[in-house]
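Beneath this line is the structure, given in structure tokens, with notes to follow.
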Amino acid sequence: MEEIRKKIIIDTDIGDDADDALALALALKSPELDVLGVTTVFRNTVARAKIAKRLLTILDRNDIPVYAGIGHPIIDDADTITPPIQYLEEMENLDINEGISAIEYIRRTIMDNPHEITLVTIGPLTNIAILIRQYPEVIPLVKEIVMMGGAFYFHYDEWNMFCDPEAASIVFSSTIPIKAIGLDVTLQCPVTEELYQEIRNHGDELTDLLGELLRRYKENRKRHTFLHDPLAVMSLFRPDLFEYRSEDVAVELKGDVTRGMTFRKSKIGVHTIPERNIYAASAVAAGKAVECFRERILS
């Protein structure tokens, strides 16, 4: 009997950190997953969509649509003109899907596949928050959200939360089941120099591109990245590598130095949601996770 593949939409801010591209490549090379579409979020979403399109083209997956989503956070401003650092000249003439918005694409896909769609969010949560606000009827029809975001067991304003705290708060406050892969586990899975060199020297079109994106990130940030976003994808087909805790999560919206931080309400003595919908990753089998990523990307 053929195993049913998990239907996913990937919502990404691909183009800054190289881990989004690594995550998309991992999803496309994982037969357990059925990638129905890709949407982009934050700043220049058209350029981000073209980066995703390049990856899809290399893997002969032009059947997967790519939609540019919302560039501005809910209440703050953002530079939606400047391309991200991983945008290459070769991507300029690539076509992405138009005609409907990214939000409308996600809505239609959920309505056509009730209780079957997992939203894999590996960027700020603006698109998903606006979807929830504009179309609350989709809330009970989403199977789950699997996100990379937050830091739940130490204090840190993680990037995807910090870029749009209001959006994150809306999503966490929804009743959609959420599995959150935060910095608590992703910082245990670095892209080592050895892995970086293996990818760069592997010698196919996909790893050539991934190696270039990793190089650009390394030169820009003066260090290698971590498998932040790939772990969110991996959790879908290797759940045995992760441990979770049921948590009542909120997002700080006001603090001068804490805005965008995720925190557990129970930690500060607040218990408001008797049935929590959020499971935060608290542990990962780091060595096995890195090796799983390596094997799939280099296969």
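The values are calculated or read from the model by the stated rules, or taken from the named source; none is laboratory data. Please read all numbers here as calculations on a predicted model, not as lab measurements. Note: ideal-geometry Cβ built from the backbone for every residue, glycine included; neighbour counts use all protein chains shown. Just so you know, the surface numbers come from the protein's heavy atoms only, side chains and all, with ligands and any DNA or RNA stripped out. Shrake-Rupley method; radii C 1.70, N 1.55, O 1.52, S 1.80 Å.
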Self-check item: Charge dipole (debye, nearest 20) of the chain; +1 at Cβ of Lys and Arg, -1 at Cβ of Asp and Glu
Solution: 600 debye
Practice problem: Please arrange Asp229, Asp208 by accessible surface area, largest first, computed with a 1.4 Å probe and ligands excluded. | Solution: Asp208, Asp229
Self-check item: Beta bridge orientation in the range 63-197: antiparallel %, DSSP, nearest 5
Solution: 0 percent
Self-check item: Lysine-lysine proximity count for the chain, Cα under 21 Å, sequence distance 8 or more or distinct chains
Solution: 16
Quiz item: Scattering from the C-alpha atoms of the chain alone, worked out with Debye: what is log10 I(q)/I(0) at q = 0.13, 0.15 1/Å?
Solution: -0.87, -1.20
Quiz prompt | Rg/Rg_ref, the range 55-148, where Rg_ref = 2.2 N^0.38 Å and atoms are Cα | solution = 1.20
Practice problem: Choose one of Cys292, Pro84, Gly71: the residue whose Cα lies farthest towards the positive end of the charge dipole of the chain (beta-carbon charges +1 Lys, Arg; -1 Asp, Glu; about the Cα centre). | Solution: Cys292
Practice problem: Tell me the chymotrypsin sites (Phe, Trp or Tyr not before Pro) within the range 86-173 that lie in a loop according to DSSP and have at most 11 other beta-carbon atoms within 10 Å. | Solution: Phe154
Quiz prompt | Per-residue ³J(HN,Hα) for the range 113-119, Karplus 6.51 cos²θ - 1.76 cosθ + 1.60, θ = phi - 60°, Hz, x for Gly and Pro | solution = 9, x, 6, 10, 8, 9, 8
Quiz item: Rank Asp95, Asp79, Asp34 by accessible area, highest first, at a 1.4 Å probe radius?
Solution: Asp95, Asp79, Asp34
Quiz item: What range in the chain is the longest one free of GluC sites (Glu not before Pro) that are in a loop by DSSP and have at most 13 other Cβ atoms within 10 angstrom?
Solution: 99-274
Quiz item: If you find the alpha carbon centre of the range 137-181 and of the range 86-108, how far apart are they in angstrom?
Solution: 23 Å
Quiz item: Which whole-Hz couplings ³J(HN,Hα) result when phi for each residue of the range 83-96 is put into the Karplus expression 6.51 cos²θ - 1.76 cosθ + 1.60, θ = phi - 60°, listed in order with x for Gly and Pro?
Solution: x, x, 5, 9, 7, 9, 4, 5, 8, 4, 8, 6, 8, 10
Quiz item: For the range 90-212, what does the alpha-carbon gyration tensor say about shape, rounded, prolate or oblate, given a ≥ b ≥ c as the root eigenvalues, a/c under 1.5 as rounded, and a/b over b/c as prolate?
Solution: oblate
